[in-house]
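See structure below.
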Amino acid sequence: MGWKELVVSEIDSAPNRVVELNLKAGTIRYSGRIRQNLPIHRLSDDSELVRAYMVHRFVNVMGYAPEALELDRPYLLGRQGDDVTVGIVVRDEDGNPFFFASAAAPDKFDEGDDTKSRLFLAAEKEFDLSGKVVRHLLYFTVRVENERLVHDSVLIDYFHFHRMSDWDRAEKVPFRGKTVHSDVFRRFSRGKRKVCRARYNNYRFLLFLNR
């Protein structure tokens, strides 16, 4: 099977069906429990199918409730006609934005610098509007390896890198460390410490206080 058929097969066998796909008819339907800012009925391109797989993984693999997900969240950047739409926003149990995620078609994944840049812009705007700091920016696609569906992703810790240029420089520095799984990331944001956020010019400060 190709990657599209593997995506459909995995989603169809999931215990929590939050996406319904029909490749032949080119249709898609997300659960009403997921907030949708735009009507989504058709598989307009391959990236929509990859996004459906991301939604499936957030719910069935990472354990988020469907209500924690929001699709196509718009952000106006202030310049006329200039805006950013985030494909998937995932919030933690306190309502804070934990993931800003964007899907790419497999053959477009390596062309994603503009998409990643726009995730940074959206995260900046979220902070301006709500004072909440997005934890992670996620850029995602799928591919087939040994007849199995696997995914490629870029996960950016926005707590530490507030500009894409900063992250680009850090990415070029060799790093050796342990792999941290997504469930560990979630526990960081759900700790029992109070987080106070402040901002001065282009700098952000986080103060962790025991309750």
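List of remarks:
- Total residues in the stretch 64-75, condition surrounded by fewer than 17 Cβ atoms within 10 Å (Cβ to Cβ) and out of contact with any Lys or Arg (no Cβ under 8 Å at 6 or more places or on another chain): 2
- Residue match in the stretch 76-93 (condition: in a strand (DSSP E or B), surrounded by 20 or more Cβ atoms within 10 Å (Cβ to Cβ), touching a residue at least 60 places away in the same chain (Cβ under 8 Å) and touching a helix residue (DSSP H, G or I) at 6+ places or on another chain (Cβ under 9 Å)): no
- In the stretch 2-31, the residues that are buried (at least 19 other Cβ atoms within 10 Å of the Cβ), farther than 17 Å from Ala105 by Cβ and of a type outside the set (Val, Ile, Thr): Tyr30
- Scanning the stretch 10-69 for residues that are under 14 Å from the mean Cα position of the chain (by Cα) and among the charged types (D, E, K, R) yields Glu48, Arg51, Arg57.
- Filtered residue count, the stretch 1-38, keeping only those that are among the β-branched types (Val, Ile, Thr) and more than 15 Å from Leu69 (Cβ to Cβ): 3
- Complete set of residues in the stretch 126-162 that are over 15 Å from Asp92 (Cα atoms) and of a type in the set (Lys, Arg): Arg143, Arg148
- Scanning the stretch 1-55 for residues that are closer than 18 Å to Val86 by Cα and touching a residue at least 60 places away in the same chain (Cβ under 8 Å) yields Asp45, Asp46, Ser47, Val50, Tyr53, Met54.
- Residues of the stretch 77-110 satisfying the condition of being aliphatic (A, V, I, L, M) and either modelled with pLDDT under 90 or touching a Phe, Trp or Tyr at 6+ places or on another chain (Cβ under 9 Å) (or both): Leu77, Val84, Val86, Ile88, Val89, Val90, Ala101, Ala103, Ala104
- Checked against the criteria, Asp72 does not count as at pLDDT 90 or above and outside any strand (DSSP E or B).
- When the stretch 94-107 is filtered for residues that are touching a strand residue (DSSP E or B) at 6+ places or on another chain (Cβ under 8 Å) and in a helix (DSSP H, G or I), only Pro106 remains.
Results for (1) part of a strand (DSSP E or B); (2) of a type in the set (Asp, Glu); (3) at pLDDT 90 or above; (4) surrounded by 14 or more Cβ atoms within 10 Å (Cβ to Cβ), shown as yes or no for each residue.
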position: Thr115; (1), (2), (3), (4): no, no, yes, yes
position: Leu137; (1), (2), (3), (4): yes, no, yes, yes
position: Phe159; (1), (2), (3), (4): no, no, no, yes
position: Asp166; (1), (2), (3), (4): no, yes, no, no
position: Ala170; (1), (2), (3), (4): no, no, no, no
position: Val184; (1), (2), (3), (4): no, no, no, no
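- Selection count, the stretch 122-135, where residues are crowded, with 17+ Cβ neighbours inside 10 Å and assigned to a helix (DSSP H, G or I): 6
The values are calculated or read from the model by the stated rules, or taken from the named source; none is laboratory data. As the structure is a prediction and not an experimental result, all values here were calculated from the model. Positions of Cβ are generated from backbone atoms using ideal geometry, with glycine treated the same way; all protein chains shown enter the neighbour counts.
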